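Undergrad: My questions will all concern the structure given below.
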Amino acid sequence: MELKILNIKGEDTGKKVSLNDAVFGIEPNDHAIYLDVKQFLANNRQGTHKSKQRSEIAGSTRKLGRQKGGGGARPGDIKSPVRVGGGRIFGPVPRSYRFKLNKKLKQLARRSALSLRAQQEQILVLDAVQFEAPKTKVFVEMQKALNIADKKALFVMPTFNENLFLAARNVEKANVINVNELNTYAIMNSNVVVLLPESVKAIEEMFNA
């Protein structure tokens, strides 16, 4: 697959870049994408939820009523879960939601996500993105020129671009990452993926394609 290379004004430079079918042209595996996104979200959960169980409630252990004849459940002490203010039965406790996936599955998921964006014509390739200063106004003007101002845009840079990062960090629908930070969730959570020719090369090298 070949894509036109545009400049930051949205104009065709006359150059093209070839996308490797082993990375951008495979049949997307929906289940692999689902598992990788699920893992990303699970691994980002804090898991610090906590409620007090019966043994952690402050109060006397004195039995408050007779065992039988009260017309209801056996009362127990003031910390009983059946009482208002008592402990919670099987309440949440701090835990880790992390789980592991095979490297080959994660690679398949990222290839599938990139291939899906390529099939949907949601990949743009820019000749270069160089800002003299970190100006959000200039970044927004570039988005408008590329017709992606109203879309979630993922900018994948070959190396850290400080001016671009600072210019985009206050723009709600823009996300700037490096190639080594590329993940399935970021790709699927965007409407358009913006690459540089160097980014394309680095992604293909990352997958040994």
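The values are calculated or read from the model by the stated rules, or taken from the named source; none is laboratory data. A quick note: this is a predicted structure, and the numbers were derived from the prediction, not measured. Don't worry about glycine lacking a Cβ; one is built from the backbone with ideal geometry, like all the others, and counts go over all protein chains shown. Please note that ligands, DNA and RNA were not included when accessible areas were found on the heavy atoms of the full protein model with its side chains. Shrake-Rupley method; radii C 1.70, N 1.55, O 1.52, S 1.80 Å.
Undergrad: What percent does the relative contact order of the stretch 14-110 come to when contacts are Cα pairs within less than 8 Å and at least six residues apart? Spell out each step's value before the answer.
TA: Values: 104 pairs, mean separation 34.9, N = 97.
Here the relative contact order equals 36 percent.
Undergrad: Continuing with this model, one more query. For the chain, which span is the longest to avoid every loop-located (per DSSP) member of GluC sites (Glu not before Pro) having at most 13 other Cβ atoms inside 10 Å?
TA: Details: sites that count: 11, 121, 132, 172.
It runs 12-120.
Undergrad: GNM, the chain, Cα, under 10 Å: largest mean-square fluctuation among 171, 193, 23?
TA: 171
Undergrad: Under a GNM of the chain (C-alpha, springs under 10 Å), which listed residue has the highest mean-square fluctuation: 47, 25, 59?
TA: Per the Cα network of the chain with a 10 Å cutoff, 59 tops the list.
Undergrad: What percent antiparallel are the DSSP beta bridges of the chain, to the nearest 5?
TA: On the way: 4 of 18 bridges.
Given both bridge residues lie in the chain, the antiparallel proportion sits at roughly 20 percent.
Undergrad: What does the accessible area per residue of the chain come to in Å², with a 1.4 Å probe and no ligands, DNA or RNA counted? Please report the intermediate quantities before stating the final value.
TA: Details: 13100 Å² over 209 residues.
Per residue, the chain has an accessible area of 63 Å².
Undergrad: Roughly how far apart, in whole Å, are the Cα centres of the stretch 99-120 and the stretch 31-92?
TA: 39 Å
Undergrad: Rounded to the nearest 0.05, what FRET efficiency is calculated for residue 31 and residue 178 with R0 set to 35 Å and r the Cβ-Cβ distance? Could the numbers behind the result be given before it?
TA: Working: r = 28 Å, r/R0 = 0.79.
According to the calculation, E is roughly 0.80.
Undergrad: Let me know the charge dipole size of the chain about its Cα centre in debye, to the nearest 20, where only the beta-carbon of Lys, Arg (+1) and Asp, Glu (-1) is charged.
TA: Details: 34 positive and 20 negative charges, 494 e Å.
In debye, rounded to 20, the chain gives about 2380.
Undergrad: Continuing with this model, one more query. How much of the accessible area of the chain, probe 1.4 Å, is carbon plus sulfur, in whole percent?
TA: Numbers: 6300 of 13100 Å².
Carbon with sulfur: 48 percent of the solvent-accessible area.
Undergrad: Please compute the length gained on full extension between residue 163 and residue 132, using 0.36 nm multiplied by the number of residues separating them and subtracting their Cα-Cα distance.
TA: Details: separation 31, 0.36 × 31 = 11.16 nm, distance 0.75 nm.
So the extension gain works out to 10.4 nm.
Undergrad: Let me ask another. List the chymotrypsin sites (Phe, Trp or Tyr not before Pro) within the stretch 146-209 that fall in a DSSP loop (any state other than H, G, I, E or B) and whose Cβ has at most 12 other Cβ atoms within 10 Å.
TA: Numbers: sites: 155, 160, 165, 185, 207; in loops: 160, 207.
When the chymotrypsin sites (Phe, Trp or Tyr not before Pro) of the stretch 146-209 are filtered for loop state and at most 12 Cβ neighbours within 10 Å, 160 remain.
Undergrad: Which one of 84, 176, 37 has the biggest mean-square fluctuation once the chain is modelled by GNM with Cα springs under 10 Å?
TA: 84
Undergrad: Out of 167, 102, 8, whose Cα points farthest toward the positive end of the dipole of the chain (charges: +1 Lys, Arg; -1 Asp, Glu; placed on Cβ)?
TA: 102
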